[in-house]
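Report on the structure given below.
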Amino acid sequence: MDQWTSGAHYDQWMGRWSRLVAQEFLNWLDLPAGLRWLDVCCGSGMITEAIVERNAPAAVTGVDASADQINFARQRRASPNVTFETADAMALPFPDSAFDVIVCGLGLNFLPSPAKALVEFSRVTIPGGTIAVYVWDYVERASFLRHFWDAAISTDNEAANFDQAQRFPMCTPEGLRNLFEQTKLENLAPHALDVMTRFTSFDDYWQPLLTGQGSAPNYLASRDQQTQAAIRERLRVALPTNSQGAIELPARAWAMRARKKP
């Protein structure tokens, strides 16, 4: 249901927005230069690249379960102080206290056990270090996703079973706080990250949905052509367009920042 294997297709569907949110996220964290970072669920390496550009880190390691994503990241995000490894977020192949900062962007909710992953994040973070994540606000403000699922649910009785708002109740400030409170982390700080997603045309919105990468594209690929066409036309009518045919939709992610106890 949530296949993430192609770095190129990920960038086409989600990567461009992931980069926008990552920039807001790093500005909010406002951490100094010279730190050792771990980017968990790094995917195509968008957040890793943003860390290098903004934070002048001592080193960044990006890990992801998909070998194809890691290979793509190695080819596209190469830097002298960056390494990428295939790894399980719930069993990280690093010693205790190996990193100053652990981040996970748009990936925590896709893990089989987010709580177990947070325990691992804490283990490999130095005492007093930072652990921070962000997830889409699937219920309300990730509008480019919400429009799709509203159109799909209006067309297909089974679509609600795939809707991320239903599947990931943790993706709210309260859900994230409840999850983090299960760990021994402190100084919990939720924060809204708001960006604007811009599509030059309806095709610019629709074509990435045909990549088969991620929840919405995976769902769409599982439907017959008639259902796909019906969703497409419902979206075409529902999406707001300007006089040039472009589409602008606000998108919010919820972030949570915490500190490992010294």
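Listed by first and then second residue, the pairs with beta-carbon distance under 6 Å, at least 6 apart or on different chains, first residue in the range 181-205 and under 23 Å from P217 (Cα atoms), second open to solvent by less than 70 Å² (accessible area, probe 1.4 Å) and among the small types (G, A, S), are V195/A251; T197/A251; T200/A246; S201/G245. With respect to (1) in a strand (DSSP E or B); (2) open to solvent by 40 Å² or more (accessible area, probe 1.4 Å); (3) not acidic (D, E), the lone exception for A189 is condition (2). Restricting attention to the range 203-231 and to residues that are over 20 Å from I247 (Cβ atoms), in a helix (DSSP H, G or I) and not polar (S, T, N, Q), the residue that is farthest from the chain's Cα centre (by Cα) turns out to be A221. Considering (1) at pLDDT below 95; (2) hydroxyl-bearing (S, T, Y); (3) in a loop (DSSP other than H, G, I, E, B), the lone condition that Y10 does not fulfil carries the number (3). Residues in the range 229-249 that are within 30 Å of L111 (Cα to Cα) and open to solvent by less than 40 Å² (accessible area, probe 1.4 Å): 3 in all. Selection of the range 157-167 for residues being in contact (Cβ under 8 Å) with a residue 40 or more places away in the chain and open to solvent by less than 20 Å² (accessible area, probe 1.4 Å) yields A159, Q164.
Consider the range 116-145 and keep the residues that are in a helix (DSSP H, G or I) and modelled with pLDDT of 95 or more. The one that is nearest to A192 (Cα to Cα) is L118. Per the conditions (1) crowded, with 16+ Cβ neighbours inside 10 Å; (2) of a type outside the set (A, V, I, L, M, F, W, C); (3) in contact with a strand residue (DSSP E or B) (Cβ under 8 Å, 6 or more places away or on another chain), the sole criterion not satisfied by P173 is (1).
The values are calculated or read from the model by the stated rules, or taken from the named source; none is laboratory data. Note that the coordinates shown come from a computational prediction; the quantities given were computed from them, not determined experimentally. We place every Cβ from the backbone using ideal geometry, glycine too, and count neighbours over all the protein chains shown. The protein model used for the area step is the full one, side chains on, heavy atoms only, and it has no ligands, DNA or RNA in it. Shrake-Rupley method; radii C 1.70, N 1.55, O 1.52, S 1.80 Å.
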